[in-house]
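Working notes, beginning with the structure itself.
The values are calculated or read from the model by the stated rules, or taken from the named source; none is laboratory data. Please read all numbers here as calculations on a predicted model, not as lab measurements. Cβ: placed from backbone, ideal geometry, glycine included. Neighbour counts: every protein chain shown. Only protein heavy atoms, including side chains, enter the accessible area calculation; ligands, DNA and RNA are left aside. Shrake-Rupley method; radii C 1.70, N 1.55, O 1.52, S 1.80 Å.
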Amino acid sequence: MRNLLHQKLRVSSRLTVACGLIGWLILAGCSGGGLQPVPVRGTVQYKGHALTNGLVAFVPVDPAQGTAARGVIGGDGRFKLTTFEKGDGAFPGEYNVTVFSHEVAEDPYFFGVMPSVIPERYNQATTSGLVQTVPGKATVVELQLEE
């Protein structure tokens with residue numbers, strides 16, 4: 001009887017250790033050991049002047065290979081990309097870039113869409129003609145928009 005009890009305890013202990021080890025390996029695999037976004041900042045110019053408002057979006061050329069990143073264009077034409085957390089950047093890879101910039105309504109109660117400041121082709125990844133590659137390190141991007 002005593003021998004049977006020791007065998008059950010040993011099997012139970014092994015099972016507990018094995019389950020703990022498997023659980024630890026699963027958690028370690030999910031704890032950010034994979035690919036992470038890299039910082040990406042840049043500027044947007046149209047006709048040689050900085051855009052003073054709008055949005056920039058980086059859309060993966062191959063949607064299966066990444067996640068889109070976006071950034072708000074500040075008054076000085078600068079932006080920082082965000083994928084998950086503010087300013088964390090974009091995953092390394094190749095992106096089609098879109099830019100949105102509209103006139104600002106003077107009436108604070110206006111809720112319509114103002115005219116675009118830039119050619120509307122820049123509003124879609126398939127027509128913008130802007131392609132950027134994000135390397136595996138922090139990078140600075142300069143977007144020059146044309147008529």
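Data overview
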item: All positions within region 97-121 that are open to solvent by less than 40 Å² (accessible area, probe 1.4 Å) and either touching a strand residue (DSSP E or B) at 6+ places or on another chain (Cβ under 7 Å) or within 18 Å of Arg41 (Cβ to Cβ) (or both); result: Val97, Thr98, Val99, Ser101, Ser116, Ile118
item: Residue within region 84-104 that is assigned to a loop (DSSP other than H, G, I, E, B), of a type in the set (Gly, Ala, Ser) and within 15 Å of Pro39 (Cα to Cα) present; result: yes
item: Qualifying positions in region 122-145 - loosely packed, with under 11 Cβ neighbours inside 10 Å and out of contact with any Pro (no Cβ under 7 Å at 6 or more places or on another chain); result: Thr126, Lys137, Val140, Glu142
item: Failed condition for Gly74, given (1) open to solvent by 10 Å² or more (accessible area, probe 1.4 Å); (2) under 23 Å from Thr126 (Cβ atoms); result: (2)
item: Of all residues in region 77-96 being within 11 Å of the chain's Cα centre (by Cα) and basic (Lys, Arg), the one that is least open to solvent (accessible area, probe 1.4 Å); result: Lys80
